[in-house]
Amino acid sequence: MNRRTFLTTSAACCALSASASVARAQPGPRFAEAAAYSADRGGVGFVVARHGMLVAENYPNGGAVHTRWPIGAGTRIFAPLLAATLANENLLSLDDPAASVLWEWASHPVKATISTRSLLNGTSGLAFPAGAPHNLDAALTLEPTEAPGLRFADDAASYILLAEIAHRRLRMAGKDPDPARYLTAQVLGEIGCVPIAWTRWPNGAPRLDDGVAVSTRAWARAGELIRREGVWRGQQLADDRILREAQRGSFAEARAGFGLWLAAPAHSPSRAPLDSDLWRAASPAPIDLAMAAGANGARLYFSGTEGLVVARQGNSASVWSDAEFLSLIWRGLA
C-alpha cells in the first residue's frame, strides 16, 4: 500500500477516506499477520501509523473507512484531551482544587483538597458504591473513602465530575458550555477525528467514561495528537504538559494514566482492573506504550519512542490478547 499522510486537515481527511473506501485499503505485507489476527476476532477496523504516516489499514467483516463503531471505555482518552484543550486556553490547571468551580465542596474538609489531577488519574477517593445511581447529583454528594492520592479507582464518578468542571469553566469564560461540542470545535475537527457521536447523561452532559462512537482512523488521530503532545501541523492545539502527564502513572497505580493504561512496570502490586496480558513478560510493549481499551476488543495503542499509533475496532466480544497482537505488530516493524 502506498504511504499516505496521516496528519491531514479535516477536509483532506474526507477526500482521503472517500478514495480509500473505494479502493478497499489493504494492510500491507508487513502487518498482514496483525490484521489477520484482528479480523479473525471480529475486527472491523485496523490502522497503523508511524511518524505521522499511515502505513497499514484494513476494514474486514463489514467495516469501512467512514463507519463509526462504539469504543466503550476507550472513550476515556477524550478526558485528558478535554483537560489539555482547556489548559491551552488557560481555563484549567491540573493541581487547582476542583472545589474552585465545584463550589458545593468548598467547605468539605477532604473534598476541598481534591484536584483535577486526582480526578483524571482515578485517585480522588471518590467512587460510586455498587448499585448507586450514576448521575451528577450523586457524584457531587459522594463521600471520600480515603484521602486523595492513596488508592486508584476506575470509576465513572471522576468522569462525570470532570465534565461538570469543564461545563462550569466554559460557561464562566463565555464559551460554548457543552464540553463535547467545545472539544470537537477546538481540536477534534482540526485533526479529522470526526464525525464523532457522544452518549449523554439524562442532564445532557456528554459521557467521558463510555459511549463514544468513532471511526478507526479518526480514533487513531486522537492517539496521534496525544503522542505528539498536542501539536498538529505545527500548531499547539492542546497543552503539552497535561498530555505528558496523561502518560504517567501515579503513586497509587503505576499502570494507569489519565484515561489510559500504561505498559510501565508497577513498583508495587497493581490494582489495575483491566483484564489484559499487556504486562506479561512476553509482551513486546515498550515502557512508554499507552493504551485505551474498550468494548469488543477496541484498542488504541501509541508509543512516543516508536513514533507508533495502532487502532483496532471490533464488532463482537472475542478473546483478545494484547501481548499476542502487539507481538505481530512488532514483527511488522522489524
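Descending by average beta-carbon neighbour count within 10 Å, the peptides 125-136, 148-159 line up as 148-159, 125-136, the highest first. Percent of alpha carbon pairs in the range 208-324 separated by more than 16 Å? Value for the range 208-324: 62 percent of Cα pairs lie more than 16 Å apart. What whole-number distance in Å separates the alpha-carbon centres of the range 60-112 and the range 258-315? Between the Cα centre of the range 60-112 and that of the range 258-315, the gap is 19 Å. Equivalent-ellipsoid semi-axes for the chain (Cα gyration tensor, √(5λ), whole Å, largest first): 33, 22, 17. Placing unit charges on the Cβ atoms only, positive for Lys and Arg and negative for Asp and Glu, gives the chain a dipole magnitude near 900 debye about its Cα centre. Ranked by how many other Cβ atoms sit within 10 Å of their own Cβ, fewest first, the residues VAL101, VAL319 fall in the order VAL319, VAL101. Think of the range 137-296 as having a plus end and a minus end, set by charges on the Cβ of Lys, Arg, Asp and Glu; of GLN235, PRO144, VAL214, GLN235 sits farthest toward the positive end of this dipole.
Computed over the range 82-129, the quotient of the alpha carbon radius of gyration and 2.2 N^0.38 Å is 1.16.
Going 7 Å from the Cα of VAL110 along its beta-carbon direction, which residues of the range 137-163 have the amide nitrogen within less than 12 Å of the resulting point? Counting only backbone N, you get 142-151.
Highest mean first, the peptides 78-86, 165-173 sorted by other C-beta atoms within 10 Å per residue fall in the order 78-86, 165-173.
All of the numbers you see were taken from the coordinates with simple rules; none came from a lab. This one's a predicted model, so the numbers in the text were calculated from it and none came from an experiment. Don't worry about glycine lacking a Cβ; one is built from the backbone with ideal geometry, like all the others, and counts go over all protein chains shown.
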